[in-house]
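First comes the structure, then the notes that go with it.
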Amino acid sequence: MQSKILGTGAAIPDGILTNQDIEKIIDTSDEWIRTRSGVVERHISDKDTPSSVLAKEAAEKAMEMAGISADQLDAILVASVTPDHSFPSTACILQDKLGARKITAFDLSAGCTGFIYGVAQADALIRSNNAKFVLVVGVEELTKVTDWTDRSSCFLFGDGAGAAILGPSEDDKSGILATYTASDGSLGGLLYQPAGGSSRPASHYSVDHHMSTILMRGNEVFKHAVRQMEEAALKALELSGVSKEELDWLIPHQANIRIIDFLARRLKLPLDQVVVSIDKHGNTSAASIPLAFDLAVRDGRIKRGQNVVMVAFGAGFTWGSVMIRW
Ligand code: ACO
């Protein structure tokens, strides 16, 4: 049995932080941020809007498109590095908020590759007959763990949520054609949150010394991201049997426009076949691919029967890809 994506949804908070706003926080310029990263503005949530609120809105839109109700869900997977709490999981909070049955619900942490990991797990649950309908959400509120004194990273991040409903494919015209996930934990120190976990519990010291926020060696991460995203994209082509010529759309993790350009060139895809939303959303980690995907599905760019590859790289390090026929 094959699985397919039946519906997508997205949610972004109302607040917007432009590059001009960032110029007032750190020593930078709109021009530098645009050319180095591609970000023009990002959405920012307020203190009363935790990740589960955005996740619920995205999930409800995805269920509406899929034509299923919350009580039909068999599992809820939430990918996030900024959950409401360490525990309970945001997936459990979402299960309650949606009024779903007492089903499997758990969070997964795979950085910016979280949504890809989630789709791979949902696909496996459906193909092994352990679930019929699975909700996968990628949600982040990275602006709440951003170090606003770090001029080398703070302009990158934004908040948002994207969701997908997966279910069995009734025909062989559309479906998940291949999934691929990988990791290399030896490089974890290049992109991490030093404090707040069991290795260094939150303390006055850790907060005062900016250890509860994102620490990223941007240059190093950039090099690995380029390499692994290309590998993941090629793996999706190999596993699915779809050729470069048959590829219609690339939906890359929205980390940096220069990484996206590189990947498109390697796949021989013109930029008008690449879904780009980094200008509007910034880097929303696990939410970035489902946000971009929902955008392109709803504005009619992605059409039925087209081959779409989604590729991500993130903290861990993790990387992976999903090939679908929409
Ligand atoms: N404004 C102006 N100048 C700046 C800024 C700024 N905000 N920040 C740094 N600079 C300067 C530096 O001081 C440096 O100056 P120098 O050459 O005189 O020393 C110069 O700009 C270049 O700095 P780099 O750090 O080399 O800049 P780079 O071109 O690498 O861009 C960036 C930085 C955008 C962060 C890039 O490295 C990147 O995108 N990295 C990958 C991010 C990514 O893929 N993350 C993956 C997942 S994220 C997640 O999982 C949450």
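The values are calculated or read from the model by the stated rules, or taken from the named source; none is laboratory data. What you see is a predicted model, and the numbers here were worked out from it, not measured in a lab. A quick note on method: Cβ atoms are made from the backbone with ideal geometry, for glycine too, and the neighbour counts reach across all protein chains shown. Only protein heavy atoms, including side chains, enter the accessible area calculation; ligands, DNA and RNA are left aside. Shrake-Rupley method; radii C 1.70, N 1.55, O 1.52, S 1.80 Å.
Worth pointing out:
- Criterion violated by ALA70 - all others in (1) in contact (Cβ under 8 Å) with a residue 24 or more places away in the chain; (2) crowded, with 21+ Cβ neighbours inside 10 Å; (3) not hydroxyl-bearing (Ser, Thr, Tyr) satisfied: (2)
- Some residue of segment 289-298 being more than 24 Å from LEU17 (Cα to Cα), part of a helix (DSSP H, G or I) and more than 10 Å from the ligand (Cβ to nearest atom): yes
- Lone qualifier among GLY99, GLY111 - being touching a helix residue (DSSP H, G or I) at 6+ places or on another chain (Cβ under 7 Å), at positive phi, within 16 Å of the ligand (Cβ to nearest atom) and modelled with pLDDT of 95 or more: GLY111
- Pairs where the first residue, in segment 31-53, is on the phi < 0 side of the Ramachandran plot and the second is near the ligand (Cβ under 9 Å from one of its atoms) and open to solvent by 50 Å² or more (accessible area, probe 1.4 Å), C-beta under 8 Å, 6+ apart: ARG36/ARG258; SER37/ARG258
- Being under 25 Å from ILE251 (Cβ atoms) and either among the acidic types (Asp, Glu) or under 21 Å from the mean Cα position of the chain (by Cα) (or both) is a description that does not apply to LEU215.
- Filter pass, VAL207 being more than 16 Å from the ligand (Cβ to nearest atom), more than 26 Å from LYS61 (Cα to Cα), free of Cβ contacts under 8 Å to residues at least 60 places away in the same chain and not in a strand (DSSP E or B): yes
- Selection status of VAL40, farther than 30 Å from GLY185 by Cα, within 16 Å of the ligand (Cβ to nearest atom), under 21 Å from the mean Cα position of the chain (by Cα) and open to solvent by 10 Å² or more (accessible area, probe 1.4 Å): yes
Okay, residues lined up against (1) in contact with a strand residue (DSSP E or B) (Cβ under 8 Å, 6 or more places away or on another chain); (2) without any contact (Cβ under 8 Å) to a residue 24 or more places away in the chain; (3) open to solvent by less than 40 Å² (accessible area, probe 1.4 Å):
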site	(1), (2), (3)
ALA66	yes, no, yes
THR82	yes, no, yes
HIS85	no, yes, no
ARG101	no, no, no
ALA105	yes, no, yes
GLY114	yes, no, yes
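- Residues located in segment 182-209, provided they are closer than 25 Å to LEU125 by Cα and either open to solvent by 60 Å² or more (accessible area, probe 1.4 Å) or modelled with pLDDT under 95 (or both): SER183
- Whether a residue is in a helix (DSSP H, G or I) and closer than 15 Å to GLY314 by Cβ was assessed, and GLU245 does not pass this test.
- Scan of segment 189-204 for residues that are more than 23 Å from ALA233 (Cβ to Cβ) and either outside any helix (DSSP H, G or I) or in contact (Cβ under 8 Å) with a residue 60 or more places away in the chain (or both), ordered by number: TYR192, GLN193, PRO194, ALA195, GLY196, GLY197, SER198, SER199, ARG200, PRO201, ALA202, SER203
- The sole residue among ASP96, ASP21, ASP123, ASP30 that is more than 22 Å from GLY175 (Cβ to Cβ), open to solvent by less than 40 Å² (accessible area, probe 1.4 Å) and among the acidic types (Asp, Glu) is ASP30.
- Within segment 210-238, the only residue that satisfies the criterion of being free of Cβ contacts under 8 Å to residues at least 60 places away in the same chain, more than 10 Å from the ligand (Cβ to nearest atom) and not in a helix (DSSP H, G or I) is MET211.
- Among residues of segment 136-168, those that are more than 13 Å from the ligand (Cβ to nearest atom) and closer than 16 Å to VAL322 by Cα, counted: 8
- Exactly one residue among ALA91, ALA110 is open to solvent by less than 10 Å² (accessible area, probe 1.4 Å), touching a strand residue (DSSP E or B) at 6+ places or on another chain (Cβ under 7 Å) and in contact (Cβ under 8 Å) with a residue 60 or more places away in the chain, and that residue is ALA110.
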